[in-house]
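**Q** Let me begin by handing over the structure; questions about it come next.
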Amino acid sequence: MFLFFLLMCSYIYSQNSSEKWNSYLGRYEYFNGSGYMTGYKEYNKLTGSWDYYTVNQKPRNIYNKVVSPVNETLVREVMASKQARYDANYQRVKNSISDIQAKIQNFDI
């Protein structure tokens, strides 16, 4: 029972926002647990106090999340085509280097 009470208290009083200093803009910015900015405060030199401003920031795009189904067959075909072009270019460069080496060895420049 005590353990349950202790866990509930830690959950209720846990931190759900963070404060970060933005040295470029010279202000403190507040972010919620998901990483979205909820507000910021700036120092007002005229009044000598901190002014807090609320920000309604829309959620940013989440990277590495599949938005639409991926056509794996098309991806496989494209990658095979790219690999074939790479192999052909690699062989062409290798043959050119071999020809140059042969001409140098035969003094056929």
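Residues are listed down the side, and each one gets a yes or a no for (1) within 30 Å of Phe31 (Cα to Cα); (2) at pLDDT 95 or above; (3) assigned to a helix (DSSP H, G or I):
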{"position": "Asn56", "(1), (2), (3)": "yes, no, no"}
{"position": "Pro59", "(1), (2), (3)": "yes, no, no"}
{"position": "Val67", "(1), (2), (3)": "yes, no, no"}
{"position": "Ala84", "(1), (2), (3)": "no, yes, yes"}
{"position": "Asn89", "(1), (2), (3)": "no, yes, yes"}
{"position": "Asn95", "(1), (2), (3)": "no, yes, yes"}
{"position": "Ile100", "(1), (2), (3)": "no, no, yes"}
{"position": "Ile104", "(1), (2), (3)": "no, no, yes"}
{"position": "Ile109", "(1), (2), (3)": "no, no, no"}
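**Q** Follow-up question, since we're still on this one. So which pairs qualify, if the first residue must be in region 9-24 and on the phi < 0 side of the Ramachandran plot, the second must be modelled with pLDDT under 90 and of a type in the set (S, T, N, Q), the Cβ gap must be under 8 Å, and the two must be at least 6 apart or on different chains?
**A** Here the result reads Asn16/Asn32; Ser17/Asn32; Ser17/Thr38, each pair linking region 9-24 to a residue that is modelled with pLDDT under 90 and of a type in the set (S, T, N, Q).
**Q** Which of the residues that make up region 17-47 are open to solvent by 90 Å² or more (accessible area, probe 1.4 Å) and of a type in the set (Phe, Trp, Tyr)?
**A** Within region 17-47, Trp21, Tyr24, Tyr43 qualify.
The values are calculated or read from the model by the stated rules, or taken from the named source; none is laboratory data. Please read these numbers as outputs of a predicted model, since none were measured by experiment. As a convention, Cβ positions derive from the backbone with ideal geometry for all residues, glycine included, and neighbour counts pool all protein chains shown. We work out accessible area using only protein heavy atoms, side chains counted, and drop any ligands, DNA or RNA first. Shrake-Rupley method; radii C 1.70, N 1.55, O 1.52, S 1.80 Å.
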